[in-house]
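Here the structure is laid out as structure tokens; the discussion comes afterwards.
The values are calculated or read from the model by the stated rules, or taken from the named source; none is laboratory data. Keep in mind that this is a model prediction, so the values were computed, not measured. Every residue, glycine among them, receives a Cβ derived from its backbone with ideal geometry; neighbour counts consider all protein chains shown. These area figures cover heavy atoms from the full protein model, side chains too; ligands, DNA and RNA do not enter into them. Shrake-Rupley method; radii C 1.70, N 1.55, O 1.52, S 1.80 Å.
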Amino acid sequence: MQEFELIAKTFMGLEQVLAKELTQLGANNVQIGRRMVSFTGDKEMMYRANFQLHTAIRILKPIVHFKAKSAEDMYEEVMKIDWSKYILPGKTFSVDSVVYSEEFTNSRFVTYKVKDAIVDQFRERTGTRPNISVSNPDIRLNIHVAEDNATLSLDSSGESLHRRGYRQESVEAPLNEVLAAGMILMTGWKGETDFIDPMCGSGTLPVEAALIARNISPGVFRKEFAFEKWPDFDQDLFDMIYNDDSQEREFTHHIYGYDTDMKAVNTARLNVAAAGLSRYVTIEQQDFKDFTQPKEKSMIVMNPPYGERISTPNLLGTYKMIGERLKHQFMGNEAWILSYREECFRQIGLKPSIKIPVYNGSLECEFRRYQMFDGKMSNFRHEGGIIKTEEEKREMAQKHRFKKEREFKKRLDENEQNAEADIRSFTFHSLERNKFAGGKFREDRERRPRFDRDTEDRKRSFRRGDDDRKRSFRHDDDRKRSYNRDDDRKYGGKRFDKSNKRGGFRGKNTYSHED
């Protein structure tokens, strides 16, 4: 098949991880950019990139690159494209804009210019115009403008790829699935040891860890991808990719998630079960201050509160407790911690061997590794222990210093005063909440569950619409339960509805950040 240019978007700080994923996937001409990685591949590569990448937000297929120094330039360049090849009669489209330009200061203005050019071309040639659909268009377009350089692309993903489809419920400020997967891949862990998240929230890290350990494609839970509505969509090719589980592997260790909040524990259990991974993941209620040395070799990856979107009483004391637990109850193992404040990291009281800047939403955080060993570091090295590889040293040399928040200590002092004060003297502070955290559930969202193919008799097939093309599903014993939160959210053991495109289950959903 013919190769063409493709762009994979991701979060700041995950570009290197995404580039490595693409190289392992077989992509050609992989080039790292700012919050993106460009590459070349054929139609199969584009399908696989959407279906198999853990750290991509969306996959774009550029139509044209052009210069635009004015709104008229933008309009004329878009008019040059033969849009009948991309938007068939009766189909809808939408335009998404990303703009970094002094000339084009309003992304919505760019969106309107592109839309007007497309609509005017159809009106001139056919006398009719295609309709715009924001919620569920047949064709999604993306226009990226950097000063006077513009790239107009087809969006092959649709909904952001971080929306895997397994999340049933959420907690406040959930960790984004793409960021969670990127963090795990940064550690180099692929299932060689037990995995522990002592502050698991809604279970994002444990679920993403299980997918990585089993090498399960994260796209298997999604209802659909945007490329399935394209005129040249190859159904047989995508069915082949979807049903290919030859690269999946066994996972002989175990994943543990803990949280002090029982609501979070129940939410995490529900999400783990929805992904069909309860066989590999155990979620329990436990405070990290009660954590004891694990019997098996383990890795900890954790995302404690930062004092931003969510906090905890005595925030700095929490970080001090984390350091004490690691020092006394995690000998011989490795821990990775994501946080936002230098003051918080300082309370841990341990020297990190690696510091990696990453963004959690708009927050510039650091992801730090702590290697726990008995005795002095010099003795550890003398016995052959490696604190930092040469490659890690080179990467660290390219990283910028961690930024300190100047007013953080002031705000901590104010919080402590508020905690001790009478309600009449309480100083209220309004914190801007992420607009997606804790938002309304999406109505009647259809998803498909993933089943375990441990034995042949657990396989099930279904029809896509009126097609006779069948796909196999996996089923875990733990998925046979029904969650009777709403009648339309029952799924385990229930025969699939043919009207559901992917044989999934209907449910409500809350997600984290948009890209």
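Would you confirm, using the coordinates I've provided, whether residue 290 is out of contact with any Ser or Thr (no Cβ under 8 Å at 6 or more places or on another chain), under 30 Å from residue 137 (Cα atoms), open to solvent by 60 Å² or more (accessible area, probe 1.4 Å) and not polar (S, T, N, Q)? Spelling it out, it is not the case that residue 290 is out of contact with any Ser or Thr (no Cβ under 8 Å at 6 or more places or on another chain), under 30 Å from residue 137 (Cα atoms), open to solvent by 60 Å² or more (accessible area, probe 1.4 Å) and not polar (S, T, N, Q). Out of 94, 101, one residue alone is over 17 Å from the mean Cα position of the chain (by Cα) and either crowded, with 18+ Cβ neighbours inside 10 Å or aromatic (Phe, Trp, Tyr) (or both). It is 94. Each residue in the stretch 10-39 was checked for being polar (S, T, N, Q) and either in contact with a His (Cβ under 8 Å, 6 or more places away or on another chain) or closer than 21 Å to residue 163 by Cβ (or both), and 1 pass. Is one or more of the residues making up the stretch 345-364 at pLDDT 90 or above and among the aromatic types (Phe, Trp, Tyr)? Within the stretch 345-364, one or more residues are at pLDDT 90 or above and among the aromatic types (Phe, Trp, Tyr). When residue 64 is tested against (1) in contact with a helix residue (DSSP H, G or I) (Cβ under 6 Å, 6 or more places away or on another chain); (2) more than 17 Å from residue 180 (Cα to Cα), just one condition goes unmet, and that condition is (1). Among the conditions (1) out of contact with any Asp or Glu (no Cβ under 8 Å at 6 or more places or on another chain); (2) at pLDDT 90 or above, the only one that residue 105 does not satisfy is (2).
Restricting to the stretch 311-345, name every residue that is under 28 Å from the mean Cα position of the chain (by Cα) and open to solvent by 60 Å² or more (accessible area, probe 1.4 Å). Correct list: 311 only.
Screening the stretch 346-375 for residues that are of a type in the set (Lys, Arg) and open to solvent by 30 Å² or more (accessible area, probe 1.4 Å) and picking the one that is nearest to residue 185 (Cα to Cα) gives 355. Selection of first residues in the stretch 90-110 that are over 23 Å from residue 34 (Cβ atoms) and of second residues that are open to solvent by less than 30 Å² (accessible area, probe 1.4 Å) and in a strand (DSSP E or B), restricted to Cβ pairs under 8 Å at least 6 apart or on distinct chains, gives the following pairs, ordered by first then second residue: 91/139; 92/139; 93/139; 93/141; 94/139; 94/141.
Screening residue 109 with (1) open to solvent by less than 10 Å² (accessible area, probe 1.4 Å); (2) of a type in the set (A, V, I, L, M, F, W, C); (3) part of a helix (DSSP H, G or I) gives one miss only, at (1).
Somewhere in the stretch 302-313, is a residue among the polar types (S, T, N, Q), modelled with pLDDT under 90 and under 28 Å from residue 11 (Cα atoms)? Yes, some residue in the stretch 302-313 is among the polar types (S, T, N, Q), modelled with pLDDT under 90 and under 28 Å from residue 11 (Cα atoms). If you filter the stretch 159-199 down to residues that are in contact with a strand residue (DSSP E or B) (Cβ under 7 Å, 6 or more places away or on another chain) and acidic (Asp, Glu), you find that the one that is nearest to residue 302 (Cα to Cα) is 197.
All conditions but one from (1) in a strand (DSSP E or B); (2) open to solvent by 10 Å² or more (accessible area, probe 1.4 Å); (3) farther than 23 Å from residue 134 by Cα apply to residue 64; the one that does not is (3).
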